Every structure is written in C-alpha cells, then in structure tokens.
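The values are calculated or read from the model by the stated rules, or taken from the named source; none is laboratory data. Here the structure is a predicted model, which means the values were calculated and not measured. Ideal geometry is used to build each Cβ from the backbone, glycine not excepted, and the neighbour counts take in all protein chains shown. Areas reflect the complete protein model, heavy atoms only, side chains present, ligands, DNA and RNA absent. Shrake-Rupley method; radii C 1.70, N 1.55, O 1.52, S 1.80 Å.
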Amino acid sequence: MKSVDAHLADILATVRPLAPLELELEQALGATLAEEITSPVPLPPFDNSAMDGYAVRAIDIADVPVTLPVIDDVAAGADGLRAVGPGHAVRIMTGGPLPAGADTVVPVEWTDGGTVSVRIDRTAAEGNAIRLAGEDVRAGAVVLKPGTVIGPAQLGIIAGVGRRRVLARPRPRVAVLATGAELVEPGQPLGHGQIWDSNSFTLTAAARSAGADGFRAPTVGDDPAVFLERLDAQLLRADVVVTSGGVSMGAYEPVKEALSPLGTVRFEKVAMQPGMPQGFGTVGDDQVPIFALPGNPVSSFVSFTLFVRPALDQMRGLTAGPPATVTARTTAPLRSPAGKRSYLRGMLGSDGSVAPVHGQGSHQLAALAAANALIIVPEDVTEVPTGEQVEVIRL
Ligand code: AMP
Ligand code: MG
C-alpha cells in the first residue's frame, strides 16, 4: 500500500499554480495577488479633518472661552474653500479638506455648535484632529506584496489606491461530481435502497471553505459512459474535478471503469483509514487534475482534507503541505489497524484534551458532524492508551 505522504507528494508534484489573470475587484476576493500593489498618490490625498468640528488657527483659541465668526461650511468632498484668516472659524465635517490657514480642528463637542458664530470652550493644540496627507500611505509606497491572499481588508486597500483590476491567481474552480445509482437529491422522497446524496454538498462546501469556487454537478448513476459524458461537460469550466464514489473493488464502480483505460488516472490503495481507495491523475486536453475520492461520506471528507485541500493551496500559489496539527491528550483509548494511518473523529477541548466521538465508521456522517478534529494514529501504532499525547488536525 502507498503511504499517505507518498500520495500527497505525487499530487503536489502534478498540480500547478493557476496562471494569474486580470481580475475585476468584484471577482478578486480569495484570489492570490500576483503583482505588487502601490499607491499612485498619498493616502489620505490631502490634509483633512478627523472629526466634525471647527477649523481654526490654534493661536486664536489660546484663551477660552472665545467666540469666532463662522465664515464657511466644509463638508467631505467640498471644493473651492475659503481660507481661514485671523479670528475666523470654518465649520468642518469628518473627511472635509482642511482650509488653508487653519492648523487645528476643535471637535463640535467642545463648542456651542453655532453656524453663524461659534463659542469655543476648550482649547486645542496645533494639529488637533487633523489627518495629514500621506499619513496612511506615502505616494508610490507598496501596500500589498505578491502572494498575499485577497481578503476583505486587502480588497479595500486595492480599491483605496484607485485600482479597478488586479493581477491575481483566481480561486480554483472545483467541479464536484457524485456517483451512485442509489443517490437521491435531498428534498426528494426516498425509495427503498436509496440514500440522499450528501457528499456533493460536503465536497462543494469544503472547496469553498478552502478558498476555491465549488460547483456541484447533478449526481450521476453507475454507468461509466454517462459518467464520462458528464465529466467532459465539467471539464469546460473546471480547474480541478472532485468525484465521489465508484472507486472501490466491487462491481458498478463507474469512475474506476471509465477512467482506468485512459491511463492518466491511477487508482491506488493508500494506507489510511478511512479512505483507502484513492484515484488521482489528470483528464482532458488541458490535463485537469481529478481526484476520485471514495464514496463513504467520512472517507471522502477526510480525503478532501488530506489531499484536495493542499492541492488547492498549491493551485492558489500558496505554500502547500499536509494539514497543520496540534498535540492533545486523548480522553479514551484509541484503536487503529496495523499498517494504516487512522484519522479518528474527535472533539478537541480547550483544556488540551481530545475525546474520540462515538461512531467511528466511515459511513457515520453524524459523528463527523459532531466532531471538530481528526485524531491521527500513526501506521505502526495499533493502540493508544487514555492520557497519551496524540497529533490532531483541527477541522
Ligand atoms: P462507493 O464508493 O460508490 O462504493 O460508495 C461507498 C458508500 O458510500 C456506499 O454506502 C454509498 O451508498 C455511499 N455513498 C456514495 N456516494 C455517496 C454520496 N454522494 N452521498 C452519501 N453517501 C454516498
Ligand atoms: Mg457507488
């Protein structure tokens, strides 16, 4: 049997980072920046008020209380301002450009709020409540580096420096295709021998959680020819395909039957539990990576976590490797088959303990949904006593 590490290494040796594209801001969330972002102007571009109040000369409010005539009203976005001369005040709003002559802003709370004249009760030092041009970003300064994942705040600064598009590696498009003649769409009635399809929802959501765009295709039965047709349709829009089911040793294994003859997808036994049967390779003219994951719900989810997620990281141009682990103390004895690495579902506590959940079968989806961690038991370990330290993947 192939080791988990060797399987992941093969995958990461095959999968390439996606080519950068010019993305509109609206499409850039979750993409990975492939250029340096600089600001063409200082930010803020001009000196402006940090508060609603009055722009004055500090010298004129050295002694308070003092009443000054209000000679102008400056809202944010205002233009054609009058200068503040000796003894003048200008009413100003947050973000309003500071009029020439003024060197301080008195917050409205320190005044009577007048619009014709204003009584100022508290003095303010020069520069009070003024945001200076270039205080956030100097003109020409780098605000984001290549390799940065664009989150909401990063998107904000890209827009904030006036950019409409950015060169970035897009979120990978993941087509999810579940197979199985027994599958019924949730919401539809269940006949005898049927189950509701859950894997395609889990895997699509897992792809989205991993920073990709997941698309769920309608489920396919167990006919290899139909599977190939559906796969072909998905290849038009996918950077990577994830299938579930149809890869085991039984009959009616459409994914294995359809892809084996192509010679570009290998079906192997990986020394892990759950998730032993794994298919991986490339398909189509564009050599789109395909993950043929086992059908058992826990198996397909664990396989996604161990193999698909790192591959998506690599496609995004990020550092890719096995999932990060933390050390925890098991609250119950653990068992694992010899020669296989187990990923047991567990509940990681805030006290550094981890409790295996009840129901460790690879079909026991409710137990997976109740877990927040995968407990790793290495290949050469068959029993772990209570209280022992174990490595754990947070979910
Ligand atoms: P297979 O890998 O196709 O042999 O399926 C293994 C087990 O997983 C069977 O019990 C299937 O009914 C179940 N299974 C396969 N696909 C799905 C799915 N999309 N949702 C839920 N269970 C599934
Ligand atoms: Mg099946």
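Taken per residue, the accessible surface of the chain reaches 47 Å², heavy atoms only and a 1.4 Å probe. Extension gain, ALA233 to ALA76: 0.36 nm times the residue separation minus the Cα-Cα distance gives 51.3 nm. Among residues other than PRO146 with Cβ under 9 Å from its Cβ, the summed charge is -1 (Lys and Arg +1, Asp and Glu -1). For ASP223 and ASP286, the FRET efficiency from 1/(1 + (r/R0)^6), where r spans their Cβ atoms and R0 equals 22 Å, is about 0.35.
Express the carbon and sulfur contribution to the solvent-accessible surface of the stretch 86-241 as a percent, rounded to the nearest whole number, probe 1.4 angstrom. Reported share for carbon and sulfur atoms: 54 percent.
Calculate the all-directions average of the projected area of the stretch 243-292's alpha-carbon convex hull, and give it in nm².
Quarter of the Cα hull surface area: 3.4 nm².
Comparing GLN27, ALA129, THR148 along the charge dipole axis of the chain, the residue lying farthest to the positive side is THR148, per the Cβ-charge model.
Counting Lys and Arg as +1 and Asp and Glu as -1 over every other residue whose Cβ lies under 14 Å from the Cβ of SER117, the net charge comes to -3.
Counting DSSP beta bridges with both partners in the chain, what percentage is antiparallel, nearest 5? Provide the component values of the computation, followed by the final result.
Working: 53 of 78 bridges.
Counting DSSP beta bridges with both partners in the chain, the antiparallel share is about 70 percent.
Here the convex hull built on the C-alpha positions of the chain has a volume of 204 cubic angstrom per residue. The length gained by stretching the chain between GLU126 and LEU12 to full extension, at 0.36 nm per residue less their Cα-Cα distance, is 35.1 nm.
With N residues in the stretch 269-395, what two-decimal value do you get for its Cα radius of gyration over 2.2 N^0.38 Å?
Cα Rg divided by the expected 2.2 N^0.38 Å: 1.10.
Projecting label points 7 angstrom from Cα along Cα→Cβ for ASN372 and HIS192 puts them 4.4 nm apart.
Take the solvent-accessible surface of the protein heavy atoms, probe 1.4 Å, and return the percent of it on the stretch 2-51 that carbon and sulfur atoms account for.
Details: 1440 of 2330 Å².
The computed percentage sits at 62.
For a paramagnetic label modelled at 7 Å from the Cα of ARG266 toward its Cβ, which residues of the stretch 10-48 fall within the zone defined by backbone nitrogen distances under 12 Å? Only 10-14 fall inside the zone, counting backbone N under 12 Å.
Please state the relative contact order of the stretch 98-152 as a whole percent: Cα pairs under 8 Å, 6+ residues apart? Display every interim value, and only then the final one.
Working: 35 pairs, mean separation 17.3, N = 55.
Normalised by residue count, the contact order of the stretch 98-152 is 31 percent.
Taking 0.36 nm per residue of separation and subtracting the Cα-Cα distance, full extension of the segment from VAL184 to ALA19 would add 55.7 nm. Net charge in the neighbourhood of GLN314 (other residues with Cβ under 14 Å of its Cβ; Lys, Arg +1, Asp, Glu -1) is +2. Principal semi-axes of the equivalent ellipsoid, √(5λ) from the alpha carbon gyration tensor of the stretch 109-187, are 53, 23, 10 Å from largest down. Its Cα gyration tensor gives the stretch 1-45 an equivalent ellipsoid; the semi-axes, largest first and in whole Å, are 39, 12, 9. A viscosity of 1.567 mPa s and a temperature of 4 °C, combined with the Kirkwood radius over Cα pairs in Stokes-Einstein, give a translational diffusion coefficient for the stretch 303-377 of 95 µm²/s. Heavy-atom surface analysis with a 1.4 Å probe gives the stretch 282-395 a carbon and sulfur content of 50 percent of its accessible area.
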